[in-house]
1. Mind listing whichever residues of the range 217-256 are outside any helix (DSSP H, G or I) and of a type in the set (Gly, Ala, Ser)?
2. So, in the range 127-151, how many residues would count as being under 30 Å from residue 66 (Cα atoms) and small (Gly, Ala, Ser)?
3. Counting only residues that are in contact with a Pro (Cβ under 8 Å, 6 or more places away or on another chain) and within 29 Å of residue 434 (Cβ to Cβ), how many does the range 563-594 have?
4. Only one of 85, 79, 56 is outside the structural domain of residue 359 (by TED's automatic domain parsing), of a type in the set (Ser, Thr, Tyr) and either over 18 Å from the mean Cα position of the chain (by Cα) or in a helix (DSSP H, G or I) (or both); which?
5. Quick check on the range 224-234. Is at least one of its residues closer than 26 Å to residue 56 by Cα and crowded, with 17+ Cβ neighbours inside 10 Å?
6. Checking the condition among the β-branched types (Val, Ile, Thr) and in the same structural domain as residue 88 (by TED's automatic domain parsing), which residue from 506, 562 passes?
7. Could you pull out the residue among 185, 147 that is surrounded by fewer than 20 Cβ atoms within 10 Å (Cβ to Cβ) and part of a helix (DSSP H, G or I)?
8. Go through the range 514-572 residue by residue and tally those that are over 24 Å from the mean Cα position of the chain (by Cα), crowded, with 18+ Cβ neighbours inside 10 Å and among the hydrophobic types (A, V, I, L, M, F, W, C).
Amino acid sequence: MKTIKITFLSLVAACTMASCDFLEKEPYKITPENYFQNETEVSNFLTGIYANLSQTSFYGNDYMVLAGGDDLEFYGGSTGRISNTGLICNNTTTSDAAVTQFWADLYSGIERANMLLEHIDNVPSMSAEKTAQYKSEARFLRAFYYFNLVQCWGDVPLKLESTYSSGTVTDKDIARTDKNVIYKFIVKEMEEAADEGLLSAKDLGYKPNRISKSAAWGILARVYLFWAGEHNRDDQPEPAEAKSYFERASHFGQLVMGEGHELAEDYWDAFIDMCSDKYNTSGSNESIWEVEFAGDGTGDVRSEGRIGNTIGLQCADFSSQSSLVGKADPGYSYGFLWATPKLYDLYTRNNDKERFTWNIAPFTYRALDSDADKDIKGKTGIVGRTFENQELYELVTGSGWYGEKSYDYDGADEGKEFVNKGSQRGDVYKKAVAPEEVRKDLCCAKFRREYEPAAKRNKNLTSINFPILRYSDVLLMVAEAENEYWGYPTDLAKECLRDVRIRAGISDNTNDLNSQNAFRNAIKDERAMELCFEFTRRFDLIRWGEFVDKMNEQVDLALSGINWNQGSQVAPFFRVTSAYQYFPIPDAEKAVNKLITGNNPGW
C-alpha cells in the first residue's frame, strides 16, 4: 500500500555525482543534461532525493547512534554492548564512520536537489502544477537536509548549485557559512515551498510518505524552536530576535492545526500502523511525515529498513527456523535502546500507564530452557511473555488495551507467577520485590515487529516506517512557543497540552499551570513521555541549554545500581562534555576541503 518506494534507483545513481569528498567534486560519465526529458524521469529523480532519508547512514540505521542517547535512553543490552560508532556511547572521534557517512548523506541529498532544481524548468510537457509541486518538494528536502546539518554541526558549507553546474569540477572548496545565515535560508525555502507548490495533507490522502503543507509547517515550527535556543548551546545571552522565533513557531504550528489532523484515539494506534505497513488507519491522520520503508527482504521491492530490529522490543532469533511463524517468532530484535529509570519514574509519577506500557517493555519474550539441549535450540520458539509485575500483566492483557491487538500467549501457566523458563507456557509475571530492587532500565518497546505483515520475518530487515513528525509533537510545540512568546501559558497553550494529556489517559492539570516556568517544565516532561525514542530529546535538551547537566545527572544514579541492571556498564555514556552539543567535522571532509579549518569546540 505504500506508494513511494524509497530505493536507490539505478538511473538516479547514474545521474548523481560521485566524489572524493562529500561536497561532490567528480561526476560520473552520465550527466543530468542527458536525463531530465519527461515527467517520469523527474519523478524518479525526486524519489532519489527522498531516498537519502532512508539510507543506512540516516534513519535506515545510524541515526539511532547519532541522535539517540539522552537522559531517557541509552545504548545497552544483556551482553554489555558498546557502540563503536556515533555519539551515543560518548566515544566519538573526528574520524567516526557514522558521523562521516551522515555528513556525506546529507550533502548527497542536497546535491541531488540542486541538480533537479537546475533542470526541472526545461523539462518538456510537464504541467505548471506538477513542476511547482516537484520543485517545492525538492526545495523543502534540501532545506531539511540543511537543518540536520546545522542542528548537528552548526556552521557548515552552504552549497546551492550542483557541482557540475559551472561546467568544471575544479575550485569547489567551500568555507563554512554562519549558521544564522543558513537558518534564514532554511525557513525561507520551507515557507515558500509550502506556499508555492506543496499539496495539502488532504490532497495527498493524509498519507505521510510525502511532503505536504502540514509537514513543511510542522518542521518549520521545529526549526524555529531550535533556532530560538541556539544561544543556549553556545552559552551566549539570548538575542533580541529569539522571541520572534517563538511567535513564528506558534504560527506555523497553528497552520497545521487547521489541516484536518487529530490525535488517534489511543497512543499506540499510530505505531501499530507503522509496524503493520499501513498509514493512519484510525482516520485521525496523526502521523504527518514518516520515513518510508517497504519489503521483507525477499520480494521485488527492496527498500527495507531496520526500525524494530535495532530499536524495538528485544526478541531472540528464530529466523532460520522456517516452521516457526506468527507468535512463535514475533521478529528478531537486538534491542539496542533502553529506557533509563528516569523515564520509568516520569511515567509512574504521572500515572501514565498507556504510554508507559507501549514505550517501555512491560514484558520479555520467553522460550523454553528445556529446548536448549535439543538439536535446534529454542525449537518451539516463543511460548509466552514474562511481565515485570502483576499490574503490567493485568493492564496489557486486560480489555481496552493494545493487548487486544497483539499476540496472546495462552497456556497452562497463563496468569501465574513466573518460576523458571524450564516448562512454563503462557503469559506470567514476576514476583514482587522491594522498591529499590525493581528493575527500571528496560528495553525500548515502541517499534514492535509482531505487527509486520510478512509471514516469516527477516532477521534484520523490516518494513516499519519511522515518524519524523506526528500531530502530538505539533501541539506540544505550539504550547511551548505560546508560553515562551507571551511569557505565560495562553489558553491555546493549555488547550494543546490538555489534548495530549487527555489522549494519554492522565489527569488534566493544565489549569494549575499558570506561571511560565511551571508550564515550561510541564512541557518538557510531556515531550519526554510522548516523544521518547523518536530522536527529538537530545536536540530538545540542547536547545533548552540542559544537555550536559541532564546527562551528567545520570552518572551517579547509574553507578548507584538502584533500579539499574546495566548502570555500571553505561554510566560512562552519560559523562559528556559540552563538545557533544555539536558533531565533529569529519576528518575525511577536512582532508579535501581546504577552506574548512579548525573544528567545532572540543573536537
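The values are calculated or read from the model by the stated rules, or taken from the named source; none is laboratory data. The shown structure was predicted, so the numbers you read here are calculated from the model rather than taken from an experiment. Here the Cβ is made from the backbone with ideal geometry for all residues, glycine too, and neighbour counts use every protein chain on show.
1. Applying the first criterion (outside any helix (DSSP H, G or I)) to the range 217-256 yields 229, 234-241.
Selection gives 229, 240.
2. Residues meeting the conditions: 3.
3. Pass one, the range 563-594, residues in contact with a Pro (Cβ under 8 Å, 6 or more places away or on another chain): 563-564, 578-579, 582, 593.
Filter once more, keeping what is within 29 Å of residue 434 (Cβ to Cβ): 563-564.
Here the count works out to 2.
4. After ruling out the rest, the residue left standing is 79.
5. Here is the first cut: in the range 224-234, the ones closer than 26 Å to residue 56 by Cα are 226.
With the extra rule that they be crowded, with 17+ Cβ neighbours inside 10 Å, the set shrinks to 226.
For the range 224-234, residues closer than 26 Å to residue 56 by Cα and crowded, with 17+ Cβ neighbours inside 10 Å: present.
6. On the way: 506 fails: in the same structural domain as residue 88 (by TED's automatic domain parsing).
Result of the check over 506, 562: 562.
7. Numbers: 147 fails: surrounded by fewer than 20 Cβ atoms within 10 Å (Cβ to Cβ).
That would be 185, the only listed residue that is surrounded by fewer than 20 Cβ atoms within 10 Å (Cβ to Cβ) and part of a helix (DSSP H, G or I).
8. Qualifying residue count for the region: 4.
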